[in-house]
Amino acid sequence: MKKWLILIPLWILFLPDAWAETPEEKGLRLAIEMDHRNEGWVSQEADMRMILRNKQGQESIREIRSRTLEVPGDGDKGLSIFDTPADVKGTAFLSYTHATRPDDQWLYLPALKRVKRIASANKSGPFMGSEFAYEDLTSQEVAKYTYKWLRDEPIEGRDCYTVERYPAYENSGYTRQIAWVDKDMYQPLKIEFYDRKNALLKTLTFRDYKQYLEKYWRADVMDMINHQTGKSTRLLWSNYQFKTGLSDRDFDRNSLKRAR
Amino acid sequence: MRIARRGIRPRSAALVLVCSLLQAPAGANSTPWSGTLGVEARLFASSPRDPRQHDHNLSVFLEPEFYREWSGGRDSFTFVPFLRLDQHDDERSHGDIRELTWLRAAREWELRVGVRKVFWVINQTDLVENIDQEDKLGQPMVNLALIRNWGTVDLFLLPGFRERTFPGPEGRLRTPIPVDTDRPVYESSRGNDRVDAAIRWSQVLGDWDVGVSHFSGTSREPRLLPALGAQGTPVLIPRYDVIDQTGLDVQATKGNWLWKLEALRRSGQGDSYTAAVGGFEYTFYGIGGTARDLGVLLEYHADDRGVDAATPFQNDLFVGGRLTLNDTQSTELLAGAIVDLDGDGQFYNLEASRRLGERFVASIELRAFVDVPPSAPSFGLARDDYAQMEIAYHF
């Protein structure tokens, strides 16, 4: 959201006192700063291991390779390739995410050898039967939410900004989210998700952040707990690589067809 | 047992050898082999029309896949043989090479050489597998895709025609008079050696995915002509005409709606005709506050040959529902009915599948053919209501 980046500091200059910002202004400023600090990684590849756990503690594993292309001024492009479970091996998912208008999504089904455009209105639907919804995993653009700073509050000894955000896009499963953003990294340590009835639905905890290219923080572990069903999903990320030479051509329907 | 790919067996044997050689430097963490092994059982509700047919059938299939890539993924090689052994039907016991392809991808083009399946008209139907015609025989081809800002153009050169498979006398789900696949008739003087060609342009225009294609060559869909078999018994023999076919496919994706239109104009097989199918799928996401999705489908099939068309889908309405549980086991259920609006009967279909553990998938198929008059093209199926259960192991 380059436009905001230019406008906001100018606008702040004209305020009688830049520090007299409202909680909403502060929330937005923090979101812009988070976005700004995560700019310029160009492209990224990583392996994801998803561990689904039901109420009884039974586990089920999914392995996905993910490739992402940073798109300045819009949401990122993503390509996910499924390795397990074995029956979906070779299935690939292409998405062009957008800030407020619906994402474009295609699925390649190896059994049919066919690329299928799929509806993107299912933002609140579960991804691969996990506790992560599609909207939890797509790129976090500033314009996707409106914001309100609540307070400063430490988590596990780390100073955080506690910011509430409200989805500005259609078909969200949430009324609001509360994020605890680490003051050093400008990355979330915890996010609480409140459902359409405004009841606490899920908590996402980020662990083991590592810094790449001396700038970009990525968590190795993401734990999502569903308080209403007792189910949980753990994402384990590994083999992060940046600026790997990926281009738009690696995120089109042709590359989706041959993704393996 | 019949090897469906006639005439290119020695070459494929040589390539099998190449594959096993390629296998040697397997990657550190993954084998180049994966695949599916399955067992299928079919139970028929009624006794057969022909005493040679059976009330139930068992069958096993194996579809391994070998995949290797090199030069940073720009080159790849895929080999997918397929083998089915059927309890009763010698024609359904068959092998095929579904895929044997070398792929080279560059920035502005992709070249594929070998045997492949692409989803539209250029692959022959492996009809013995399933009457839904979704199973296809591998087609030898050279396919060059040109990738430009204004869309992708796929050029296909298709040497080596594949004959459609048909159930044998002991198989169910066939025409009342069996098809004799040993005596095909070709319009082309070159028979099954005619080199066919096709071109397709496709592009994404916002919410719209659009494709326009043209095919020129031997029709994959034969006409079935009555003839006398070796012992003077009546048989049907397939006749493959040379056709020209132009097609259009459009999908609009708007919120919860998917709108679809597929239309074709074909000449060379009797009078020129137009056929089309159009419809929508509307999905209710997260029904009743659960993770479940329910899709409602409506499709209309038209063919301007009317009731003279060899296809059962000349003026038919499909109504269906798709339930996706979005659970860990990926449970899915599709139920629907095709109603012939000219009174040629109804077709009811239910398909469901669910993963068991990490490597097994169980699926069922229930199909019924109701009120099909003897004059209808699908009359051969009128007594063949069936239930199918399949367990597939994925490795």
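The values are calculated or read from the model by the stated rules, or taken from the named source; none is laboratory data. Computed from a predicted model, the values in this text were never measured in an experiment. Methodologically, a virtual Cβ is constructed for each residue, glycine included, from the backbone with ideal geometry; neighbour enumeration extends over all protein chains shown. To get the accessible areas, we keep the full protein, side chains included, count just its heavy atoms, and leave off ligands, DNA and RNA. Shrake-Rupley method; radii C 1.70, N 1.55, O 1.52, S 1.80 Å.
Here the label points at residue A:152 and residue A:39, each 7 Å from Cα along the C-beta direction, are separated by 2.5 nm in the simple model. At q = 0.10, 0.15 Å⁻¹ the log10 of I(q)/I(0) for the stretch B:271-395 amounts to -0.43, -0.83, computed by Debye summation with a single uniform scatterer per C-alpha, solvent ignored. Our summary gives the stretch A:45-103 a relative contact order of 25 percent, counting only alpha carbon pairs under 8 angstrom and 6 or more residues apart. Counting Lys and Arg as +1 and Asp and Glu as -1 over every other residue whose Cβ lies under 15 Å from the Cβ of residue A:214, the net charge comes to +3. Could you calculate, for the protein assembly as shown, the ratio of the Cα radius of gyration to the Kirkwood radius, expressed as Rg to Rh? Over the Cα atoms of the protein assembly as shown, Rg/Rh equals 1.01. What net charge do the residues around residue B:205 carry, taking every other residue with its C-beta under 12 Å from that of residue B:205, with Lys and Arg at +1 and Asp and Glu at -1? Local net charge: -2.
Expressed as a whole percent, the accessible surface of chain A that belongs to carbon and sulfur atoms is 52, based on a 1.4 Å probe. Label reach from residue B:58 (point 7 Å along Cα→C-beta): in the stretch B:85-113, amide nitrogens under 12 Å belong to B:86-88.
Surface composition of chain B: carbon and sulfur atoms hold 60% of the protein heavy-atom accessible area at a 1.4 Å probe.
The separation of the stretch B:208-237 from the stretch B:35-106, counted between C-alpha centres, amounts to 22 Å.
In percent, rounded to a whole number, the relative contact order of chain A is 20, using alpha-carbon pairs under 8 Å and six or more apart.
Proximity of backbone amide H atoms, modeled 1.01 Å from N, is registered between residue B:118 and B:123 at under 5 Å, excluding neighbours fewer than 5 places apart on the same chain.
Structure remark: mean-square fluctuation, Gaussian network model of chain A, C-alpha springs under 10 Å; the largest value among A:87, A:250, A:220 belongs to A:87. In the elastic network of chain A, a GNM with C-alpha springs shorter than 10 Å, the most mobile of A:62, A:165, A:249 is A:249. Springs between Cα atoms under 10 Å define the GNM used for chain A, and in it the highest mean-square fluctuation of A:34, A:128, A:224 occurs at A:128.
Distances between every pair of Cα atoms in chain B, grouped in 10 Å steps from 0 to the bin holding the largest one, split as 4, 18, 29, 32, 14, 2, 0 percent. Taking every protein chain into account, the 1.4 Å probe leaves residue B:332 with about 90 Å² of accessible area, to the nearest ten.
Charge dipole of the stretch B:85-139 (Cα centre as origin; +1 on each Lys and Arg Cβ, -1 on each Asp and Glu Cβ, all else neutral): 580 debye, rounded to the nearest 20. Taking 7 Å steps out from each Cα toward its Cβ at residue B:395 and residue B:183 produces label points 4.3 nm apart. When the residues A:123, A:116 are ordered by accessible surface, computed with a 1.4 Å probe over the protein chains alone, the sequence from largest down reads A:116, A:123. Scaled against 2.2 N^0.38 Å for its residue count N, the alpha carbon radius of gyration of chain A is 1.02. Taking all protein chains into account, the per residue accessible area for the protein assembly as shown stands at 47 Å² (1.4 Å probe). Based on C-alpha pairs under 8 angstrom that are at least 6 apart in sequence, chain B has a relative contact order of 11 percent.
Interface area, chains A and B: about 3100 Å² of buried accessible surface, summed, with a 1.4 Å probe and ligands, DNA and RNA left out. Within the straight-line cut-off of under 13 Å between alpha carbons, the aspartates and glutamates reachable from residue B:117 are B:96, B:99, B:126, B:134, B:135, sequence neighbours fewer than 8 places apart in one chain being disregarded. Distance between the pseudo-spin-label points of residue A:49 and residue A:159 (7 Å out from Cα toward the beta carbon): 3.6 nm. For a label point 7 Å from the Cα of residue B:104 along Cα→C-beta, name the residues of the stretch A:230-255 whose backbone N is under 19 Å from it. Answer for this model: A:255. The H on the amide N of residue A:84, modeled in the peptide plane, is under 5 Å from the matching H of A:63, each at least 5 residues off or on a different chain. In chain B, the DSSP beta bridges split such that about 95 percent are antiparallel, to the nearest 5. Along the stretch B:56-70 the Karplus relation, 6.51 cos²θ - 1.76 cosθ + 1.60 evaluated at θ = phi - 60°, assigns HN-Hα couplings of 8, 8, 10, 7, 10, 9, 9, 9, x, 9, 10, 9, 9, 10, 8 Hz to successive residues, with x for each Gly and Pro.
Listed values for the stretch A:245-260 are Karplus-derived 3J(HN,Hα) couplings in whole Hz (6.51 cos²θ - 1.76 cosθ + 1.60, θ = phi - 60°), namely x, 5, 9, 3, 4, 7, 10, 10, 5, 5, 6, 4, 5, 10, 4, 9, and x replaces Gly and Pro. Taken about its Cα centre, the protein assembly as shown carries a charge dipole of about 1220 debye when Lys and Arg each add +1 at the Cβ and Asp and Glu each add -1 at the Cβ.
The H on the amide N of residue A:43, modeled in the peptide plane, is under 5 Å from the matching H of A:70, A:243, A:244, each at least 5 residues off or on a different chain.
Coupling constants for the stretch B:272-277 follow from the phi torsions by the Karplus curve (6.51 cos²θ - 1.76 cosθ + 1.60, θ = phi - 60°), and in residue order they are 4, 8, 10, 9, 8, 9 Hz; glycine and proline get x. So which of A:55/A:89; A:190/B:254; A:144/B:136; A:144/A:210; A:148/A:243; A:113/A:144 end up more than 32 Å apart by C-alpha? Distance filter (> 32 Å) returns A:190/B:254; A:144/B:136; A:148/A:243; A:113/A:144.
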